[in-house]
Amino acid sequence: MKFKTRIIISLLPLTLLFTGCSKTVEEYNKPAMYWYSKIVENVSDGDLERADSYYSSLQGEHIGSPLLPEATMILAIAHMQQEEYLLSEHFLDEYIKRYATPNEKEEAEFLKIKAKYKALPNPRRDQVLIEEAIKEGEAFKSNYQNSMYVEIVNTMLTRLYLAQFVLNEEITDLYDRLDKPKSATYYRGVNPQPWIVSKDINRAIAPWYRAWFEGDGTSSWYAFMIPDTKSVVSRNSISEDMNETNSSENK
């Protein structure tokens, strides 16, 4: 009898543990305020993954709840503060498409541009994201000409244009080194901003542990190992010499 009692007592903590876990996982059919309070509680604790899960429950069980717009914006801002910019943009998109009034849409679209801008700590690594951020910034200025956020957007756009200009210059230099004149000419003509003077730009300085591999955009530490020849050419590249030869043969 004593042995059985000891076994029951020893298994009791495990029973309580699994019971508690099952209650957390199998929660459903709760009032909208319950899910909302759980979202706020977990955002306050910094557990955004669990907060997102409770948001899914709120959205799934109470799709018409007036608490959804506020919960969506709370999660958008919380993810931005934790530097999870793609998730922040997801919630802002949801807010703009489904909940924002015309007055609220302006602020939400500004925050979306800000999320894209802050998601670019290393501009050399995401050409498409730079282009998207510039496109959305210009659209915001066109749609909200008298917005209180216009000057902030202008500042972000200026930096984005500079980053894009430098990136295109570095791509041009790369194609020059690889003997791809057509590609180099294309990227040399991509930069459409006449107000940017290349020599006046202060290039970003990469940390030493990245500079070892990225270099300064024109060369890398391992450049001495690459032969200074025109042998590194893809089959899709056409050199100027080949163009001249073909044109003379056609004549």
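Any idea which of GLU138, GLU170, GLU151 is acidic (Asp, Glu) and under 19 Å from the mean Cα position of the chain (by Cα)?
Of GLU138, GLU170, GLU151, the one residue that is acidic (Asp, Glu) and under 19 Å from the mean Cα position of the chain (by Cα) is GLU138.
Residue check, GLU83 against (1) open to solvent by 60 Å² or more (accessible area, probe 1.4 Å); (2) modelled with pLDDT under 95; (3) within 26 Å of MET148 (Cβ to Cβ); (4) assigned to a helix (DSSP H, G or I), all met but one. Which one?
If we test GLU83 against (1) open to solvent by 60 Å² or more (accessible area, probe 1.4 Å); (2) modelled with pLDDT under 95; (3) within 26 Å of MET148 (Cβ to Cβ); (4) assigned to a helix (DSSP H, G or I), just (4) comes out false.
Mind listing whichever residues of the stretch 136-183 are of a type in the set (Gly, Ala, Ser) and within 26 Å of GLU107 (Cα to Cα)?
GLY137, ALA139, SER142, SER147, ALA163
When you go through ILE39, ILE96, ILE77, ILE63 one by one, which is the residue that is β-branched (Val, Ile, Thr), in contact (Cβ under 8 Å) with a residue 24 or more places away in the chain and either open to solvent by less than 60 Å² (accessible area, probe 1.4 Å) or part of a loop (DSSP other than H, G, I, E, B) (or both)?
ILE39
Looking at the structure I just gave you, is ILE171 touching a Pro at 6+ places or on another chain (Cβ under 7 Å), part of a helix (DSSP H, G or I), modelled with pLDDT under 90 and surrounded by 16 or more Cβ atoms within 10 Å (Cβ to Cβ)?
no
Could you please find all residues in the stretch 133-151 being open to solvent by less than 80 Å² (accessible area, probe 1.4 Å) and part of a helix (DSSP H, G or I)?
Residues satisfying the conditions are ALA133, ILE134, GLU136, GLY137, GLU138, ALA139, PHE140, LYS141, SER142, VAL150.
Among the residues of the stretch 42-60, write down those that are hydroxyl-bearing (Ser, Thr, Tyr), open to solvent by less than 40 Å² (accessible area, probe 1.4 Å) and over 21 Å from GLU83 (Cβ atoms).
TYR54, SER57, listed by residue number.
Take LYS118 and tell me if it is farther than 23 Å from VAL190 by Cα, open to solvent by 50 Å² or more (accessible area, probe 1.4 Å) and among the basic types (Lys, Arg).
Taking the combined requirement at face value, the residue satisfies it.
The values are calculated or read from the model by the stated rules, or taken from the named source; none is laboratory data. In this text the structure is predicted, and so the values were computed from the model without any measurement. Every residue, glycine as well, gets a Cβ built from its backbone with ideal geometry; the counts of neighbours run over all protein chains shown. The area values use the complete protein model at the heavy-atom level, side chains included, leaving out ligands, DNA and RNA. Shrake-Rupley method; radii C 1.70, N 1.55, O 1.52, S 1.80 Å.
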